[in-house]
1. What are the pairs with Cβ atoms under 7 angstrom where one residue, in region 7-29, is farther than 11 Å from Leu113 by Cα and the other, located anywhere, is modelled with pLDDT under 60 and of a type in the set (Gly, Ala, Ser)? Sequence gap at least six, or different chains.
2. Answer yes or no: is there a residue in region 32-53 that is of a type in the set (S, T, N, Q) and at pLDDT below 95.
3. Checking Leu112 against (1) free of Cβ contacts under 8 Å to residues at least 60 places away in the same chain; (2) surrounded by 13 or more Cβ atoms within 10 Å (Cβ to Cβ), which test does it fail?
4. Looking only at region 38-69, which residues are hydroxyl-bearing (Ser, Thr, Tyr) and surrounded by fewer than 17 Cβ atoms within 10 Å (Cβ to Cβ)?
5. Residue by residue through region 51-73, note down the ones that are over 15 Å from Ala91 (Cβ atoms) and under 15 Å from the mean Cα position of the chain (by Cα).
6. Within region 23-50, count every residue that is more than 23 Å from Asn96 (Cα to Cα) and either more than 14 Å from the chain's Cα centre (by Cα) or of a type in the set (Phe, Trp, Tyr) (or both).
7. Quick one: which residue in Asn107, Asn117, Asn98, Asn94 is under 21 Å from Glu21 (Cα atoms), touching a helix residue (DSSP H, G or I) at 6+ places or on another chain (Cβ under 8 Å) and of a type outside the set (D, E, K, R)?
Amino acid sequence: MKSNLAYAAYSQNNVSIESPEKLIKILYEGILKFTSQAKKSIESENREKKVYWINRATAIFLELINSLNYDSGDVAHYLNGLYTRQIQLLAEANINDNIKKLDEVINVTRVLLNTWNEETGYAVVK
């Protein structure tokens, strides 16, 4: 099941998922957490941790792409392009230690999370 793959990309202890909607929220939050950790790692010049956190965020985007339902319309195609772009930005940030690229990923993901929260009734993230 694709939901299980996505969950594995953001596995934490004691996380229970009530619904697919909650899973997407958790995955977006994971991207924000991991990308923020990658920024801190660049700032502290810890290359090993930077790579680790960027790879975790990339894994989530890849699972989000793999779980898209293209039968539901143009939104899936749009999200595929958007997620692919975020993976590209993460790779560029990784290669060049570019915090601005990570900030772009954070900003886009925050918009995605807030939109998702509004659609599903979860609290909006500032």
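1. Pro20/Ser3; Leu23/Ser3; Leu23/Ala6
2. Within region 32-53, not a single residue is of a type in the set (S, T, N, Q) and at pLDDT below 95.
3. (1)
4. Selection gives Ser44, Tyr52.
5. Once the filter is applied, which keeps residues that are over 15 Å from Ala91 (Cβ atoms) and under 15 Å from the mean Cα position of the chain (by Cα), region 51-73 yields Glu63, Leu64, Asn66, Ser67, Leu68.
6. Within region 23-50, residues that are more than 23 Å from Asn96 (Cα to Cα) and either more than 14 Å from the chain's Cα centre (by Cα) or of a type in the set (Phe, Trp, Tyr) (or both) number 1.
7. Selected residue: Asn117, the only one of Asn107, Asn117, Asn98, Asn94 that is under 21 Å from Glu21 (Cα atoms), touching a helix residue (DSSP H, G or I) at 6+ places or on another chain (Cβ under 8 Å) and of a type outside the set (D, E, K, R).
The values are calculated or read from the model by the stated rules, or taken from the named source; none is laboratory data. Just so it is clear, the model here is predicted, and its values are computed rather than measured. Counting neighbours? That spans all protein chains shown, and the Cβs are built from the backbone with ideal geometry, glycine included.
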